[in-house]
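What follows draws every value from the coordinates through simple rules; no lab data is involved. Quantities reported herein were computed from a predicted structural model and do not represent experimental measurements. Glycine also receives a Cβ, built like all others from the backbone with ideal geometry; neighbour counts cover every protein chain displayed.
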Amino acid sequence: MGLFDSIRGEFIDIVEWTDDSRDTIVWRFPRHDNEIKMGARLVVRESQTAVFVNEGRIADVFQPGTYTLETQNLPLLSTLKGWKYGFDSPFKAEVYFVTTRQFTDMKWGTQNPVIVRDPEFGMVRLRAFGAFAARVVDPAALLRELAGTDPQFRTEEVQEYLRQLIVGKLGSALANSGVPMLDLATQQDVIGVKLASVLTQELTPVGIAVPKFIIENISLPPEVEQAIDTRSRMGIAGNLDQYTQFQAADALGAGARTPGSGVGEGMGLGLGMAAGQRMAAGLAPQQSAAAPAPAGPPPLPAQEQWFVGVNGAQQGPYDSAALSGLVGAGTLTRTTLVWKDGMSGWLPADQVPGISGLFGSVPPPLPPQG
């Protein structure tokens, strides 16, 4: 290498950056001790911005395009360096390239549940996760507030800060949305748009915007999901009486699968009698429509309807046959509170003459084993 080539190598003629990564936000041009030649070419590609910094102060900012560096297009840098009458010699300055494209692979999620107040279920703990896009809209503010002098500022350095900010705003966004918990799934897009606007406004001082915010899922606590499933099953059953029969059928199936439990025999008898009575009552109008009913005795009096208190909740009404099935299943015990029309209040089952006799065929609990 000749003397001329050695001298020319001390000057930088082209200032550019070709990004070969997918997570770099800010990249500092590696000037080292070399000087930028006045008249050098600056290449700023689409989705980039170039920021010149002189002795720690931000000077000129260049948008996408190709520039020839002269005092005319470096007005702030010329003022900082005192180039009042033009300048043709090489100069030193830090050049930062800032990526302005969207970073779309950023994830968020709630490590701890967010507590919101629902008009139907009261206080509910929610968990959520999703993704969001972020982009730099003010490169100078980003350099001042976040990147500083970092030669390669990556998304991983700011993603945790953004995630904490999102979780902090999520609770108030869900609470102020006015959307019932059961309708959140249909309003996720609307809530995402509102959150994107709130986050963009919050991040304005650091030069970052959130153009897209996606809520992939909002999950409920297991006990709330179970309550929703129970309500759905009640809706399918049609009314409380049918739902009680549905529960009894489930218990019968579970007892029948347990050898020696005795549940299948006891409940099968009670439910079979009740089903026969209901079937007969349902067929009676059809038979009367087909042919005149023959003369006979008057109809039997209506059976007593009992209500049972289980785990603090009222269940029923049940007829005597259904109560036998509940005794066999262990749902109705001697201490279970019962009530029917005409009673002044709830009483334990073994104190009510009409029910205490049902426990005669059920053996008492085994004594403690020594």
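Pop the C-beta distance of Glu35 and Arg154 into the FRET formula with R0 = 25 Å and round what comes out to the nearest 0.05.
0.30
Counting only residues at least eight positions apart within a chain, or on another chain, the lysines with an alpha carbon under 24 Å from that of Lys37 are Lys81, Lys84, Lys92. If R0 is 35 Å, the Cβ-Cβ spacing of Asn311 and Leu182 corresponds to a FRET efficiency of close to 0.90.
Spacing of the modelled spin labels on Thr104 and Glu223, each 7 Å from Cα toward Cβ, amounts to 4.2 nm. Consider a paramagnetic label point 7 Å from the Cα of Glu216 along Cα→Cβ; state which residues of segment 93-121 have an amide N under 19 Å from it. Only 103-114 fall inside the zone, counting backbone N under 19 Å. Straight-line cross-link reach from Lys169 at under 27 Å between alpha-carbon atoms covers these lysines, not counting any fewer than eight positions away in the same chain: Lys107, Lys194, Lys212.
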